[in-house]
């Protein structure tokens, strides 16, 4: 009775206002099915239904489908609001969230000895239910019902798209085991929550339960790359590549992107991501990934165009604040500081208590010389995380100096130094404290004091590339060529996987401080070839400042 009532309510057009944004007739949202069984044991089935139907629709190639991860993220974000409105108003909210012109929704419930699924296809524009289906299966083996539901829904969508293509509903891949599929969907849910270690565990468990089920491996690689667990990601890429012919077109492009990322080939990764956007042109997450790879590959205009097609308040991107980190970095690197400030203030409005984004607002203000407003942002940051004030003071002081505001820079950097000196003794032995203080000394051009700290840090962590490189640059800065050259040799002898050119980047910094610009630029070129990412560090790194007026350097990084 509840299902019938819901169907009738959605079918009444007079109560449904138009979506706030334009919808796409060929875009489909599959919404989480409602659990009406009264048993929490069946709760994952609602998410499983979303993904299983999504897979069928995606493989058919007939429509654009809102990804499962985006759908799950939207479900959590909208759930309180959806519960507070009538069923008919839910369609408006879902259309506004997803821009979908067609919404598939439903519920499942127990009927005697059967688990029954009821699904409906609603056309947003006409507000009418175009079709409805019901399937059943045994409660202890519900996957056959999901497959039957998938075939019926894909068949109907295919019929709407082209009556000649209805047989595509039967062209699905083999069904994974129920246990494997359940773990996969739970992994998707963890992934959408940004619980990446949990997601990796669940995806790997899914693949172990059914070795023919390949999709979990692709998602596991994505999570491992985010976690910078490159060895394990590489193993999974090799494993998945052995089954390349079994992957969808989108998944093949994705594995190409993963492989290029692990090789440090940012241009190839960007090209693969662009191909993914061709397959899923309105998928915000895919557009975001294309923008990130474009940034790393020094394709800044292409990155800006990709980010402009992302709505950071919808789908999977909702709650993903790093979007604003990349968007503002692109504008800063292009010298578009006013636009950067406009964008980051939108980010701060979306995440008012995020200290990282306040830091980025401060960076834009510093670049524009808006010292009064910058001090206000610094105060907001201090109230959020008083234990991190020294770091933001240092970064803002350095940014002011880079843009020619020397007096304001010195005032803020002096505040930073005083903050570090006033910290309790219990903090002063931590590596993070020592490194933070050393950076303030560097920003204040107190080279000997900074060098002394890095000598100690290298003693503590003799294989840390950042420490070795920084010490080498400081040795060069203080006139100790012998020490600088020795550390260059040490960096060149490093033989570790997945360094992505970091050691060579530091060779460039040391050569820069030794007054060898031609050698420094050659090292930088090699670092990029090895996978060093183009980004903000090339803008603010102190030890590259001697190259700022060297034409080959300017041509390389701009």
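The values are calculated or read from the model by the stated rules, or taken from the named source; none is laboratory data. Because the structure is a prediction, the values reported are computed rather than measured. No Cβ is skipped: glycine too gets one built from the backbone with ideal geometry, and neighbour counts run over all protein chains shown.
Numbers at a glance
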item: Of all residues making up the stretch 190-201, the number that are part of a helix (DSSP H, G or I) and surrounded by fewer than 24 Cβ atoms within 10 Å (Cβ to Cβ); result: 5
item: Any hit, the stretch 67-77, residues being part of a helix (DSSP H, G or I) and over 25 Å from the mean Cα position of the chain (by Cα); result: no
item: Residue within the stretch 78-99 that is in a strand (DSSP E or B) and over 22 Å from residue 190 (Cβ atoms) present; result: no
item: Residue selected from the stretch 427-445 under the condition assigned to a loop (DSSP other than H, G, I, E, B) and free of Cβ contacts under 8 Å to residues at least 24 places away in the same chain, by the criterion nearest to residue 537 (Cα to Cα); result: 445
item: Yes/no for residue 339 being crowded, with 19+ Cβ neighbours inside 10 Å, assigned to a helix (DSSP H, G or I) and modelled with pLDDT of 95 or more; result: no
item: Residue in the stretch 375-386 that is modelled with pLDDT of 95 or more, within 30 Å of residue 30 (Cα to Cα) and more than 17 Å from the chain's Cα centre (by Cα) present; result: no
item: Residue in the stretch 124-131 that is closer than 23 Å to residue 316 by Cα and surrounded by fewer than 20 Cβ atoms within 10 Å (Cβ to Cβ) present; result: no
item: Tally of residues being over 17 Å from the mean Cα position of the chain (by Cα) and without any contact (Cβ under 8 Å) to a residue 60 or more places away in the chain across the stretch 306-343; result: 11
item: Count - residues of the stretch 1-59 that are in a loop (DSSP other than H, G, I, E, B), modelled with pLDDT under 50 and surrounded by 16 or more Cβ atoms within 10 Å (Cβ to Cβ); result: 2
item: Residue within the stretch 100-122 that is touching a strand residue (DSSP E or B) at 6+ places or on another chain (Cβ under 8 Å), buried (at least 21 other Cβ atoms within 10 Å of the Cβ) and outside any strand (DSSP E or B) present; result: no
